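Report on one structure; see the data block that follows.
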Amino acid sequence: SGTNLNGTSGRVSFVLGLMGPAKAVDAACASSLVSVHDAVADLQQRRADLAIAGGVQAILNGRIFELREASMMLSPDGQCKAFDASANGYVRGEGCGVVVLKRLSEAEADGDRIWGVIRGSAVNHGGASVGLTVPHTPALEQVIEAALSEAGIAPSEVDYLEAHGTGTTLGDP
């Protein structure tokens, strides 16, 4: 929209009459995940009693396609084949995903429908690696270990895993 991102989060809070932290998170592909991580922390630290977290992608400028294509990041056949031997790039798209989060004890007391429980989360950056878009295995291992530690569970107890596949031979392994 050509405005600061923080205006959107503030406007949503204004329209819905919400008080508490209103944040815009820009962490590239991880923005939605980081917003959920921050929302969980706000609930745990009692800065909020309810959190709305999510992400929106609206492609308002075609120049980004040109830059991604020049970097050979986009799939030339228009299909994202993450974790597949024929992966040759990703496909850009628009969308929105939002979750409403509460502390489990309060959701149970209020009789809310509970779709899932987030027992722990962690965020990090790959640091210095082979390249900006190249996954750094030690950092990935660290963040998974931190999330499991935060949750107080063993890897065998994980019921669901959200994987971030780039659809490229460089990023997916």
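The values are calculated or read from the model by the stated rules, or taken from the named source; none is laboratory data. The structure presented is a predicted model; accordingly, all values stated were derived computationally and were not measured. Quick reminder, even Gly has a Cβ in these numbers, built from the backbone with ideal geometry, and neighbours come from all protein chains shown. For accessibility, only protein heavy atoms count, side chains too; no ligands or nucleic acids. Shrake-Rupley method; radii C 1.70, N 1.55, O 1.52, S 1.80 Å.
From the set of residues in the range 132-143 that are of a type in the set (Val, Ile, Thr) and not in a helix (DSSP H, G or I), which is most open to solvent (accessible area, probe 1.4 Å)? Spell out the reasoning first.
At the first step, the residues of the range 132-143 found to be of a type in the set (Val, Ile, Thr) are 133-134, 137, 143.
Adding the requirement that they be not in a helix (DSSP H, G or I) leaves 133-134.
Numbers: Thr133: 82, Val134: 32 Å².
Only one residue tops the list, namely Thr133.
For the range 36-69, which residues satisfy the criterion of being more than 30 Å from Gly89 (Cα to Cα) and outside any helix (DSSP H, G or I)?
Narrowing the range 36-69 to residues more than 30 Å from Gly89 (Cα to Cα): 39-52.
Once the filter is applied, which keeps residues that are more than 30 Å from Gly89 (Cα to Cα) and outside any helix (DSSP H, G or I), the range 36-69 yields Gln45, Arg46, Arg47, Ala48, Asp49, Leu50, Ala51, Ile52.
Quick check on this structure: which one of Val123, Val98, Val143 is in contact with a His (Cβ under 8 Å, 6 or more places away or on another chain) and either closer than 17 Å to Ala27 by Cβ or small (Gly, Ala, Ser) (or both)? Please lay out each step first, then the result.
Numbers: Val98 fails: in contact with a His (Cβ under 8 Å, 6 or more places away or on another chain); Val143 fails: in contact with a His (Cβ under 8 Å, 6 or more places away or on another chain).
The conditions single out Val123.
Every residue in the range 112-131 that is open to solvent by less than 70 Å² (accessible area, probe 1.4 Å) and touching a residue at least 24 places away in the same chain (Cβ under 8 Å), please.
Gly116, Gly120, Ser121, Ala122
Please determine whether any residue of the range 46-60 is of a type in the set (Asp, Glu) and within 20 Å of the chain's Cα centre (by Cα).
Narrowing the range 46-60 to residues of a type in the set (Asp, Glu): 49.
Now narrow it down to the ones that are within 20 Å of the chain's Cα centre (by Cα): none.
So far as the range 46-60 goes, no, none of its residues is of a type in the set (Asp, Glu) and within 20 Å of the chain's Cα centre (by Cα).
Restricting to the range 151-170, and then to whatever is more than 22 Å from Val40 (Cβ to Cβ) and free of Cβ contacts under 8 Å to residues at least 60 places away in the same chain, can you tell me which residue is surrounded by the most Cβ atoms within 10 Å (Cβ to Cβ)?
Residues of the range 151-170 more than 22 Å from Val40 (Cβ to Cβ): 156, 165-170.
Filter again for free of Cβ contacts under 8 Å to residues at least 60 places away in the same chain, leaving 156, 170.
Values: Ser156: 5, Leu170: 15.
Once the filter is applied, the top-ranked residue is Leu170.
Consider the range 19-53. How many of its residues are open to solvent by 70 Å² or more (accessible area, probe 1.4 Å) and more than 27 Å from Arg68 (Cα to Cα)?
Number satisfying all stated conditions: 9.
Can you tell me which residues in the range 130-173 are of a type in the set (D, E, K, R) and closer than 21 Å to His37 by Cβ?
Glu141, Glu145, Glu150, Glu157, Asp159, Glu162 - these are the residues of the range 130-173 that are of a type in the set (D, E, K, R) and closer than 21 Å to His37 by Cβ.
Do the conditions hold for Ala146, that is, is it surrounded by 13 or more Cβ atoms within 10 Å (Cβ to Cβ) and without any contact (Cβ under 8 Å) to a residue 40 or more places away in the chain?
On the way: surrounded by 13 or more Cβ atoms within 10 Å (Cβ to Cβ): yes; without any contact (Cβ under 8 Å) to a residue 40 or more places away in the chain: yes.
The answer is yes for Ala146.
Any residue at all in the range 1-13 that's open to solvent by less than 50 Å² (accessible area, probe 1.4 Å) and either assigned to a loop (DSSP other than H, G, I, E, B) or touching a residue at least 60 places away in the same chain (Cβ under 8 Å) (or both)? Lay out the reasoning, then the answer.
Filtering the range 1-13 down to residues open to solvent by less than 50 Å² (accessible area, probe 1.4 Å) leaves 7, 9-10, 13.
Still in the list and also either assigned to a loop (DSSP other than H, G, I, E, B) or touching a residue at least 60 places away in the same chain (Cβ under 8 Å) (or both): none.
Checked against the condition, which is being open to solvent by less than 50 Å² (accessible area, probe 1.4 Å) and either assigned to a loop (DSSP other than H, G, I, E, B) or touching a residue at least 60 places away in the same chain (Cβ under 8 Å) (or both), the range 1-13 yields no hits at all.
Specify the residue that is farthest from the chain's Cα centre (by Cα); the eligible residues are those in the range 92-111 that are surrounded by 13 or more Cβ atoms within 10 Å (Cβ to Cβ) and in a loop (DSSP other than H, G, I, E, B).
Ranking the qualifying residues of the range 92-111, first place goes to Arg103.
Please count how many residues of the range 54-66 are open to solvent by 80 Å² or more (accessible area, probe 1.4 Å) and without any contact (Cβ under 8 Å) to a residue 24 or more places away in the chain.
Summing the residues that are open to solvent by 80 Å² or more (accessible area, probe 1.4 Å) and without any contact (Cβ under 8 Å) to a residue 24 or more places away in the chain in the range 54-66 gives 3.
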